[in-house]
Amino acid sequence: MAFWVMKSEPGSYGWDDLVRDGATEWDGVRNHAAASHLRAMAPGDRVLFYHSGEQKAAVGVAEVTRAARADGDAGNWVSVAIRPLDPLPAPVTLAAMKAAPALADMAMLRQSRLSVSPVTAAQWDAIMALAQRT
């Protein structure tokens, strides 16, 4: 199982929308690096759902339920299917992530404009520990 972070503006599609829908097609990604990450996802992988924009915080955990398939006619882009698992006990803010030494090399922090990026198992564990602190 691999770990990922997916970023979305809560006003466009947030955690509450995913919970309400029960699942979604993560499509519309039009960045080559982010699309490459989508191609690497497999069913069962875990996803950290991150609210970008004003909130700037990880808020929930989702699961990849279907591997990449074509998104659009161009053939360059892909989508995956995800479903919500659990909200985090407490949101983990971007500031908290940046302050955590264990997350210093996290791809999302180094390439902040990517909407999809990998998370190592150690980084995942560090974020889950931060979410337990209320």
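The values are calculated or read from the model by the stated rules, or taken from the named source; none is laboratory data. Worth saying up front: this structure is predicted, and the values here are computed from it rather than measured. As a convention, Cβ positions derive from the backbone with ideal geometry for all residues, glycine included, and neighbour counts pool all protein chains shown. Only protein heavy atoms, including side chains, enter the accessible area calculation; ligands, DNA and RNA are left aside. Shrake-Rupley method; radii C 1.70, N 1.55, O 1.52, S 1.80 Å.
Of all the criteria given as (1) at pLDDT below 95; (2) farther than 22 Å from Ala126 by Cα; (3) open to solvent by 50 Å² or more (accessible area, probe 1.4 Å), the one not satisfied by Met1 is (2). Residues of segment 38-90 that are open to solvent by 20 Å² or more (accessible area, probe 1.4 Å), in a strand (DSSP E or B), out of contact with any helix residue (DSSP H, G or I) (no Cβ under 9 Å at 6 or more places or on another chain) and of a type in the set (A, V, I, L, M): Ala70, Leu85. Listed by first and then second residue, the pairs linking a residue in segment 8-36 that is under 20 Å from Trp77 (Cα atoms) and without any contact (Cβ under 8 Å) to a residue 60 or more places away in the chain to a residue that is crowded, with 19+ Cβ neighbours inside 10 Å and acidic (Asp, Glu), with Cβ atoms under 8 Å apart and 6 or more places separating them unless they lie on different chains, are Asp27/Asp71; Gly28/Asp71. Just so you know, in segment 25-37 the residues that are open to solvent by 20 Å² or more (accessible area, probe 1.4 Å) and assigned to a loop (DSSP other than H, G, I, E, B) include one that is nearest to Val80 (Cα to Cα), and it is Asp27.
From the list Ala95, Ala126, the one residue that fits, being surrounded by fewer than 16 Cβ atoms within 10 Å (Cβ to Cβ), in a helix (DSSP H, G or I) and of a type outside the set (D, E, K, R), is Ala95.
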